[in-house]
Amino acid sequence: MPRGPNPWRGEDIPTKLLRDYEILYIVRPDVEEADLPDVTKRVETLIESLQGVIQNTNVWGKRRLAYEVDHLKEGHYVLTDFQIEPLRVPEMEATLKISDQVFRHLIVRKPVLKPGAVTEKVAPPPEIEPEIEADGASEATTATAADDTADPDGEPVADRADSDGSEDAEEA
């Protein structure tokens with residue numbers, strides 16, 4: 001039965017398989033804006049030390065957290081796109097967990113788009129046509145009011161409540 005290459009026998013291991021990832025991390029709010037590039041450089045250096053490749057870094061700035069974390073109400077958000085070998089991600093997470101400046105992070109693998117695949121686009125909401133003021137407008141309002149008092153069977157709601165047996169309970 002054929003198997004993959006065995007490095008113990010001196011067989012070559014195929015080249016590293018790099019996958020696309022993104023990390024969103026939150027830097028402590030007490031870090032000054034001037035020191036923020038140093039923190040992002042440390043995270044980028046971490047990725048590169050694990051044989052990863054940085055594609056893009058986007059600093060979102062200081063934002064309010066959805067809920068209080070470790071008595072912090074805000075933080076500097078940074079999003080970085082990178083490529084790395086999947087086996088290196090746990091090492092990266094372990095290093096970030098003990099970081100004193102990054103207090104939250106999330107690493108997500110980006111989906112692989114097949115060649116020629118079309119990304120889904122959300123259709124815009126339908127436009128609401130303005131109502132035309134005419135003679136038929138009062139009739140439409142009357143019909144709507146009548147529909148509110150009728151159930152799907154066409155029977156008025158008040159009559160149906162009486163036929164429930166509530167009328168029988170009053171007579172007895």
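Computed from the coordinates by the stated procedures, all read-outs in this text should not be read as laboratory data. None of these values were measured; they are calculated from a predicted model. Cβ: placed from backbone, ideal geometry, glycine included. Neighbour counts: every protein chain shown.
With 29 Å as the limit on Cα-Cα distance, the pairs of 62/97; 16/62; 41/110; 41/62 that go past it are 16/62. Compute log10 of I(q)/I(0) for the range 16-109 with the Debye formula, placing one identical point scatterer on every Cα and leaving out solvent, at q = 0.10, 0.13, 0.15, 0.22 Å⁻¹, to two decimals. Reported log10 I(q)/I(0), two decimals: -0.24, -0.41, -0.55, -1.11. In sequence order, the range 52-60 has phi-based couplings of x, 10, 7, 9, 7, 10, 10, 8, 7 Hz under the Karplus curve 6.51 cos²θ - 1.76 cosθ + 1.60, θ = phi - 60°, and Gly or Pro positions carry x.
With the cut-off at under 14 Å, measuring from each backbone N in the range 93-115 to a point 7 Å along the Cα-to-Cβ line of residue 38 picks out 100-102. Between residue 85 and residue 100, the distance separating the two model label sites (each 7 Å from Cα on the Cα→Cβ line) works out to 3.1 nm. Residues 103, 82, arranged from fewest to most other Cβ atoms within 10 angstrom of their Cβ, appear as 103, 82. Full extension of the chain segment joining residue 74 with residue 55 gains 4.2 nm, where the gain is 0.36 nm per residue of separation less the Cα-Cα distance.
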